[in-house]
């Protein structure tokens with residue numbers, strides 16, 4: 001069985017895409033790459049690669065030489081896998097600043113879909129926070145800003161709607177995590193003109209299938225999925241188990257890719273944002289950005305395999 005550390009050795013051959021950013025560039029491979037998986041943002045029809053990058057905990061570092069080298073390698077692996085969506089938040093400590101530090105140091109900046117959140121009370125405080133987030137992440141205008149965990153959501157969403165009309169942000173939304181505030185977020189999805197909604201969903205925690213994912217489909221709202229590995233607990237269950245034949249049929253060479261492809265298989269999922277501070281884990285994640293997508297029958301088989309562990 002190929003583990004996450006070994007997966008990076010296969011990534012260049014599978015992706016066939018040169019690394020971008022600082023340091024030496026990888027030599028292009030002659031192996032034909034698998035097809036990139038993209039999903040449509042309903043409100044605009046813009047396509048996004050299905051695997052993005054989260055920064056919670058993983059990018060909250062002091063900015064010393066060692067951590068910056070590590071985070072640079074993580075983002076190089078992300079861009080090498082044709083990822084574009086990087087999601088952060090002022091709630092994540094120094095994560096926005098570290099993302100910006102890496103971007104500022106790059107010789108040339110790859111295509112980026114910059115997403116963050118507003119996590120504040122009051123109109124002036126929210127505006128000041130969003131402007132500071134732009135400085136920290138080194139972006140002129142964000143592609144997406146969402147109200148984090150619905151904090152003062154009515155006030156902040158009014159600002160975001162105005163900013164969208166003024167061209168200061170392209171997309172707006174709201175977020176939640178680990179299943180909280182579901183009824184409230186459903187009410188907001190019903191009543192507000194959202195482009196995105198972010199929440200938790202994975203092969204173990206499938207509560208979002210009951211209401212959140214169907215509501216997103218019904219209302220034409222893009223979805224951004226956090227906690228795809230249930231904060232790493234999925235790997236505790238898969239450890240020691242051999243990948244099934246179905247994994248190969250879906251172009252998966254690790255359990256990480258298997259878990260991500262299960263999520264990708266839901267038609268209401270737009271983008272998934274796994275977070276890591278290890279470049280070999282990022283390279284592993286990004287292989288799920290390519291290849292075949294499970295259909296309903298295959299997803300049912302994936303679930304059966306997982307539940308038998």
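The values are calculated or read from the model by the stated rules, or taken from the named source; none is laboratory data. Note that the structure is a prediction, hence the values are computed from the model and not measured. Counting neighbours? That spans all protein chains shown, and the Cβs are built from the backbone with ideal geometry, glycine included.
At-a-glance table
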read-out	value
Residue in region 73-83 that is modelled with pLDDT of 95 or more, assigned to a loop (DSSP other than H, G, I, E, B) and crowded, with 23+ Cβ neighbours inside 10 Å present	yes
Enumeration of residues in region 178-189 that are touching a helix residue (DSSP H, G or I) at 6+ places or on another chain (Cβ under 7 Å) and either assigned to a helix (DSSP H, G or I) or closer than 18 Å to residue 222 by Cβ (or both)	182, 184, 185, 186, 188, 189
Checklist (1) farther than 21 Å from residue 281 by Cβ; (2) touching a strand residue (DSSP E or B) at 6+ places or on another chain (Cβ under 6 Å) applied to residue 46, failing item	(2)
Residue ranges of helices (runs of 4 or more DSSP H) in region 208-263 with at least 2 members out of contact with any strand residue (DSSP E or B) (no Cβ under 8 Å at 6 or more places or on another chain), over 15 Å from residue 293 (Cβ atoms) and at pLDDT 95 or above	212-219, 233-238
Region 152-183: number of residues that are farther than 19 Å from residue 41 by Cβ and at pLDDT 95 or above	9
Output for region 152-177, where each listed residue is surrounded by 13 or more Cβ atoms within 10 Å (Cβ to Cβ) and either in contact (Cβ under 8 Å) with a residue 60 or more places away in the chain or not in a helix (DSSP H, G or I) (or both)	152, 168, 169, 170, 171, 172, 173, 174, 175, 176, 177
Residue list for region 84-94, restricted to those being over 14 Å from residue 112 (Cβ atoms) and either in contact with a helix residue (DSSP H, G or I) (Cβ under 8 Å, 6 or more places away or on another chain) or assigned to a loop (DSSP other than H, G, I, E, B) (or both)	89, 90, 91, 93, 94
Contacts under 6 angstrom Cβ, first residue in region 296-309 being within 13 Å of residue 245 (Cα to Cα), partner surrounded by 12 or more Cβ atoms within 10 Å (Cβ to Cβ), 6 or more apart	301/246; 302/262; 305/244
Qualifying residue in region 103-117 (condition: without any contact (Cβ under 8 Å) to a residue 40 or more places away in the chain, crowded, with 17+ Cβ neighbours inside 10 Å and in a strand (DSSP E or B))	yes
Residue that is surrounded by the fewest Cβ atoms within 10 Å (Cβ to Cβ), among those in region 274-309 that are within 16 Å of residue 203 (Cβ to Cβ) and touching a strand residue (DSSP E or B) at 6+ places or on another chain (Cβ under 9 Å)	274
Criterion violated by residue 18 - all others in (1) modelled with pLDDT under 50; (2) under 29 Å from residue 266 (Cα atoms) satisfied	(2)
